[in-house]
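Every number here is computed from the coordinates shown, using simple stated rules; none is lab data. Remember, it's a predicted structure, so these values are computed and weren't measured experimentally. So basically every Cβ, Gly included, is an ideal-geometry build from the backbone, and we count neighbours across all protein chains shown.
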Amino acid sequence: MIKRIAIKEKMGRPKIFYSLTEKAEKFFPKAYSDFFKWIIRDIIEREGSERVREMMARLGAAQASYYRERLNGAGDVESVVELLNELGTFAEMKREDGKIIIKEYNCLIHEIAMEFGELVCEFDMNFIGGLLNTRVELKSCMAKGDRFCSFAFEV
């Protein structure tokens with residue numbers, strides 16, 4: 001957790017420096033959510049909320065493209081749900097009224113979604129839609145007070 005570095009000087013004993021290892025870094029507080037909220041607020045102020053929606057959609061599609069290779073193509077629903085669970089969303093799939101519903105019980109960007117709502121949900125919609133090569137509709141959202149986020153689509 002702590003690494004020791006000795007730096008030899010021209011004269012005398014080496015100076016000893018201590019620092020955290022990468023493994024130890026994760027135990028200390030980080031401000032990622034605050035940082036991204038500042039960025040999103042700035043984009044809204046300068047370019048409007050629609051710009052954030054477009055950006056999230058584009059990022060979700062790009063992330064889907066990245067993971068699609070791992071799924072050997074667009075992927076089947078079960079593989080996508082498995083991937084979502086590996087990422088930490090606690091996802092499940094159900095069939096309702098001729099549609100498939102993916103429910104996520106953990107939002108990976110919950111703090112950000114609570115402030116910006118559906119603007120950032122575009123990321124998940126385009127990520128899931130991109131993996132499955134289909135259009136996805138947001139049905140419920142934790143940022144609106146629902147117990148889970150759910151995404152509906154036809155296969």
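Stretching the chain fully between residue 3 and residue 146 yields a gain of 47.0 nm (0.36 nm per residue, less the alpha carbon separation).
Would you mind putting 116-124, 144-152 in packing order, based on average other-beta-carbon counts within 10 Å, highest first?
For the peptides 116-124, 144-152, the packing ranking is 116-124, 144-152.
Starting from the Cα of residue 44, move 7 Å in the Cα-to-Cβ direction to define the label point; list residues of segment 99-114 whose amide nitrogen is under 17 Å from there. Flagged as within label range: 109-114.
Placing pseudo-labels 7 Å out from each Cα toward the beta carbon at residue 90 and residue 24 gives an inter-label distance of 3.2 nm.
Ellipticity at 222 nm from helices only: DSSP H runs of n ≥ 4 in the chain, each -39500 (n - 2.57), divided by the residue count, give -15000 deg cm²/dmol. What does the charge add up to near residue 107, with Lys and Arg as +1, Asp and Glu as -1, over the other residues with Cβ less than 13 Å from its Cβ? Value of the local net charge: -3. Relative contact order of the chain: 21 percent, from C-alpha pairs under 8 Å at least 6 residues apart in sequence. Of the trypsin sites (Lys or Arg not before Pro) found in segment 7-102, the ones in coil according to DSSP and having at most 15 other Cβ atoms within 10 Å of their Cβ are 8, 10, 26, 30.
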